[in-house]
1. Look through segment 34-77, keep the residues that are among the aliphatic types (A, V, I, L, M) and over 17 Å from Pro105 (Cβ atoms), and return whichever of them is surrounded by the fewest Cβ atoms within 10 Å (Cβ to Cβ).
2. Restrict the check to segment 78-97 and report whether at least one residue is modelled with pLDDT under 85 and crowded, with 16+ Cβ neighbours inside 10 Å.
3. State which residue pairs qualify: first residue closer than 18 Å to Ala57 by Cβ and among the hydrophobic types (A, V, I, L, M, F, W, C) and inside segment 110-121, second residue surrounded by fewer than 21 Cβ atoms within 10 Å (Cβ to Cβ) and at pLDDT 80 or above in any location, beta carbons under 6 Å apart, and separation of 6 or more residues or different chains.
Amino acid sequence: MIAAAGAAGWLLALMDDDGPRTATVQTPPAATAPPVQDIQRAGQVTAVSAHSLTTTAADGQVTTFRITPDTAAITQPGTSTPYGPTSFAPTQNVVVVGVVRDGVPVATAIADPAAAGPAGAPMDYQLPS
């Protein structure tokens, strides 16, 4: 069997008892990843765990963010620590920035507004790039 790559797919040259034959095999195009969207929400914490944090905004919009090992907690001006389930508590006001991946909000940083406000560090303080 002899095979050669073609621009439109694979061209196969087959040799059997009836003589040579050719066949073209088309490969599907590579799947493209959906674009990542930025997201930012300010609201009150309504649920917190090691793997998620849920906020409710003043307009009633509820958002549950996935927590990853890269999620940062900004609880004091100028400091960023890894997120822990005790970093924030229900009824606490927070600002969350992150991305939406495959339709799921993923928190990049969660901050106490006093730590991230005008006197606080920027929300990208010491975050992985």
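The values are calculated or read from the model by the stated rules, or taken from the named source; none is laboratory data. All values derive from a computational prediction rather than experimental measurement. Here Cβ is always computed from backbone atoms with ideal geometry, including for glycine, and neighbour counts include all displayed protein chains.
1. To start, the set of residues in segment 34-77 that are among the aliphatic types (A, V, I, L, M) comprises 36, 39, 42, 45, 47-48, 50, 53, 57-58, 62, 67, 72-74.
Now restrict to residues that are over 17 Å from Pro105 (Cβ atoms): 58, 74.
On the way: Ala58: 9, Ile74: 29.
Checked segment 34-77; the qualifying residue surrounded by the fewest Cβ atoms within 10 Å (Cβ to Cβ) is Ala58.
2. yes
3. Listed by first residue and then by second, the contacts come to Ala111/Val95; Ala116/Val95.
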